[in-house]
Amino acid sequence: MRLIILFVTTVLSLSALANSSGGRQVNIVFASEMPEIHEGDGRYARLATLLEQQRALNKDTFFFFGGGSLGPSILSSFDKGSHIIDLLNSLEPDAMGVSKREFSFYPENLSLRAYDATFPVVASNIIDTATEEELDGIVRSSISVHSDISIGFLSIIDSSVLEDYTFSQISLLDPLKAIESEAASLRRNGADIILLHYTGYYPIINELLDRNVIDFSLHKDESYQDVDYSKRTYHNRDIFVKSASGVALLTMKVASSVPRRLSEYSLDIVDVDRYPQNKVVATLVNGHINRLKSILAVEIGKFELPITTRRTLVRSRENAFGNYIADSVRAFAKAPLAIINSGSIRGNRDYQKGDVISRGTIANELPFRGKLALIEMSGAQLFEAMEHSVSALKVFRGRFAQISGMTVVYDSSKPVGKRIKSIKINGKDVKLTELYRVATTDYLAAGGDGYDVFKQAKKLPAKHLAIRLVSDITSDKIAMDKVLAPTVDGRLIDLATKN
């Protein structure tokens, strides 16, 4: 019954516009942030049904996808998101905007996925530093035409992609200049309506909408879920989809004569989970799942103690599972110390004593295909690294470090940059001028998650370590131990919460 009510609401909205005089009706569907295709989830198959219905209602229906889906997930840890492009190809988007998660497996992989796509992949402010042009396979904007209605599409990404991933091969153009330049080009090339997809927060968007540089903006920032959006002001043509299963249905009327300017519009945010699954797309989804079932189902151990990988806990304090991974990395690398970022742990769930650990469990918890790196850091650099680790505790950023081989005492009530009180190795204080060998991931060694201090550290030869991924190392250790029973042992101590 809820599906019927939802469907009727959309029909009435469309009918109202269709009965208005002096304009053409255009229908836009916007969805994004769909990295998972767990068996039984069926969100892509449900989206296919929604699209089928909307296209039947109005031949001038456009579908834009906002990205945020190539990773991380269990399947993408194996195929780097190619299954997502395969599913999107079956849904026939008019264009896809690039979000931060599209860089989960580095820019070169995004280029490969873009060439697999039967639709344009758009990033309006990303530049390849080697060529000073758009990234290979990516376009800065696109125009889609249904009947004689043309819609231009832009997509910008915020600077956190460089902070979190630290790719030297890309840089970002100023967002305002990029939008104004590409929007003007789209208008010159006949775009009747211009849509901007974006991630992050840009106060300039309100001004751009007021000046009609763009007609609508679209975003669904699941990766920014810790931001208090209630304190931010959004334009009435800035479409923000807040729920995980939400899809925006935008209907509008444009003038019948050229120039085809916007005259009326209405918006519904619908729950895609209320739609039945499209059988064809559901079969595609199941095919991808079945490819990996035999690998993921292999049992490698059991939990001997209850363990949590809840996002807010892993990213704000010492975590037993984080300890196990850091200890495994340190042992494999034969290094005195190990540092991993808690953002690499993605399972976000609770495990009970006796629960089976399969390869799928670890693929879910560690979906990024990170390799090991060895660096040499001074004691002063260790302090700088640990200060960065505890600099964003209230918003649970993935930079929070899980560590091995040392004890760090900090006070989260103190100002950022003055929180680390002591670092001890084997009970002795770290000396600022002494050098320490640290095992970490290639991602952090390159400065990922804002660890600029790691980029400054000396890189040590580690080709012999790169043969195994962090997820493989963890899986191998569990298979050898047979049980997983790590504990919180006081290696990360927050004085503000100790009482």
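Only the coordinates and a few stated rules stand behind these numbers; no lab work does. Keep in mind that what you see is a predicted model, and the values were worked out from it rather than measured. Methodologically, a virtual Cβ is constructed for each residue, glycine included, from the backbone with ideal geometry; neighbour enumeration extends over all protein chains shown.
Percent of Cα pairs in the chain per distance bin of 10 Å, from zero to the largest separation: 4, 18, 27, 24, 16, 8, 3, 0, 0. Using only side-chain charges placed at the Cβ, +1 for Lys and Arg and -1 for Asp and Glu, the dipole size of the chain relative to its Cα centre rounds to 1200 debye.
Each of Val438, Thr312, Ala457 was placed along the dipole of the range 298-494 (beta-carbon charges, centred on the mean Cα), and the one lying farthest toward the positive end is Ala457. Cross-linked pairs Lys80/Lys458; Lys334/Lys459; Lys334/Lys477; Lys353/Lys482; Lys424/Lys463; Lys80/Lys371: Cα-Cα separations exceed 18 Å for Lys80/Lys458; Lys424/Lys463. Treating r as the C-beta distance of Glu108 and Asp452 and R0 as 30 Å, the FRET efficiency rounds to 0.85. Here the 3J(HN,Hα) profile of the range 405-421, calculated from phi with Karplus coefficients 6.51, -1.76 and 1.60 at θ = phi - 60°, is x, 8, 10, 10, 10, 9, 10, 5, 7, 7, x, 4, x, 10, 9, 6, 9 Hz, Gly and Pro shown as x. Convex hull volume of the C-alpha atoms in the range 298-494, normalised per residue: 105 Å³. For Phe332, neighbours were defined as the other residues whose beta-carbon sits under 15 Å from its Cβ, and their charges (Lys and Arg +1, Asp and Glu -1) total +2. Of the beta bridges in the chain, as assigned by DSSP with both residues counted there, near 65 percent are antiparallel. Short-range pairs are left out: with C-alpha atoms under 8 Å and at least six residues apart, the relative contact order of the chain is 15 percent.
Each other residue within a Cβ distance under 12 Å of Glu134 adds +1 if Lys or Arg and -1 if Asp or Glu, for a net charge of -4. Expressed as a fraction of 2.2 N^0.38 Å, the value expected for a compact globular protein of N residues, the C-alpha radius of gyration of the range 2-290 is 0.96.
About the Cα centre of the range 298-494, how large is the charge dipole given +1 on each Lys and Arg Cβ and -1 on each Asp and Glu Cβ? Please answer in debye to the nearest 20.
Numbers: 32 positive and 21 negative charges, 60 e Å.
Dipole size: approximately 280 debye.
In the chain, the DSSP-assigned H stretches of four residues or longer account for a calculated mean residue ellipticity at 222 nm of -9500 deg cm²/dmol, using -39500 (n - 2.57) per stretch and the full residue count as denominator.
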